[in-house]
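Some notes on the structure that comes next.
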Amino acid sequence: MNLKPLTLSCPVIAIDGPTASGKGTVANQVADALGFHYLDSGALYRLTALAAARANVALTDEVAVAEIARALETRFTGETILLSGNDVTHDIRTEIAGQNASLVAAMPSVRTALLERQRAFVESPGLVADGRDMGSVVFPAAVVKVFLTASVEARATRRLNQLIQKGNPAILQDVVKELRIRDERDINRPVAPLIRLADAQLLDTTEISANEAVEQILKWCKNLPAFK
Ligand code: DC
């Protein structure tokens, strides 16, 4: 999968972890604090699944879905995400969009199709990238690798609160069940599974706030030559 040797032109911070561990919030805040760019790699899998559905491509047809991934026409502008010129910022955040993203993310040729697109986000002065395989596959030379996690219960409670805020009430047990299914698929797939690397710092946010997690990552960065 690692198609060519990768040297990074500027520092990359890789933040990997399971669904609803708070990666997006934390990675965004770290990027803001450092003035770095931000890559939400999960959004690319969500966009691929959505584009496939909109093109009436079956999510089981790996060849066709990979072609969709290669041809994706996307733009990230601030908080807004465009797909072929249409604002899909909210459409890609639904539970079903997440489940579909997890399905297409298990396809090796889809991951290959998105690899260089993700690496193209590296831009001076630096990048914070979040996902499942940022430290293992996409940016193995990242200067800081973080495995951000939290207990299933804590993650489910956070996800439930987000759903309620968006006016989509759900039942905690259902959210726990969905998270376990997604964890299971992301951890056990043969390509680029979610794993904690030996060189990744473990950050468990079950008992700490997003702000505290951000502070911890910034502390790890401060000690490195790339940030002096
Ligand atoms: O982080 P997220 O929930 O937006 O990700 C959606 C799905 O995409 C998730 O179930 C796993 C997959 N994903 C992946 O396989 N690799 C990544 N780097 C990012 C996301």
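Brief remarks follow.
- Residue order for Glu62, Glu212, Glu73 - accessible surface, 1.4 angstrom probe, largest first: Glu73, Glu212, Glu62
- Sorted largest first by accessible area at a 1.4 angstrom probe radius, with every protein chain in place, the residues Asp40, Asp174 fall in the order Asp174, Asp40.
- A straight Cα-to-Cα reach below 20 Å connects Lys228 with the aspartates and glutamates Asp32, Glu123, Glu215, residues fewer than 8 places away in its own chain not being considered.
- Segment Ala226-Asp204, length gained on full extension (0.36 nm per residue, minus Cα span): 5.4 nm
- The aspartates and glutamates within cross-link reach of Lys222, meaning a Cα-to-Cα straight distance under 14 Å and a gap of 8 or more places when in the same chain, come to none at all.
- Cα-centred dipole magnitude for the range 113-169, charges only on beta-carbon of K, R (+1) and D, E (-1), debye, nearest 20: 200
- Shape of the range 100-228 from the C-alpha gyration tensor: oblate (a/c of 1.5 or more and a/b not above b/c, with a ≥ b ≥ c the square roots of its eigenvalues).
- In terms of its Cα atoms, the range 28-81 spans 41, 16, 14 Å along the principal axes, sorted from long to short.
- For the chain, share of DSSP beta bridges that run antiparallel, in % to the nearest 5: 25
- Tensor-based shape of the range 153-228 (alpha-carbon gyration tensor, a/c under 1.5 rounded, otherwise prolate or oblate): oblate
- Efficiency of FRET between Glu73 and Ile96 - r from beta-carbon atoms, R0 35 angstrom, step 0.05: 0.95
- Given +1 at the Cβ of Lys and Arg, -1 at the Cβ of Asp and Glu and no other charges, the dipole of the chain around its Cα centre is 260 debye to the nearest 20.
- Debye log10 I(q)/I(0) for the chain, one point scatterer per Cα, at q = 0.08 Å⁻¹: -0.27
- Mean residue ellipticity (222 nm) of the chain, computed from DSSP H runs ≥ 4 via -39,500 (n - 2.57), nearest 500: -14500 deg cm²/dmol
- Neighbourhood charge, 9 Å Cβ-Cβ cut-off, centred on Gly98 and excluding it, Lys, Arg +1 and Asp, Glu -1: +1
- Solvent-accessible ranking of Met134, Met107, largest area first, probe 1.4 Å: Met107, Met134
- For Arg180, the solvent-accessible surface with a 1.4 Å probe is about 130 Å², rounded to the nearest 10.
- Note on the chain: dipole from Cβ charges, positive end direction compared against Val144, Ala156, His90; the farthest Cα belongs to Val144.
- Protein accessible area in the range 81-192, 1.4 Å probe - carbon and sulfur %: 57
The values are calculated or read from the model by the stated rules, or taken from the named source; none is laboratory data. Not measured: the values here are computed from a predicted model. In this analysis, Cβ positions are derived from the backbone assuming ideal geometry, glycine residues included, and neighbour counts consider all displayed protein chains. Only protein heavy atoms, including side chains, enter the accessible area calculation; ligands, DNA and RNA are left aside. Shrake-Rupley method; radii C 1.70, N 1.55, O 1.52, S 1.80 Å.
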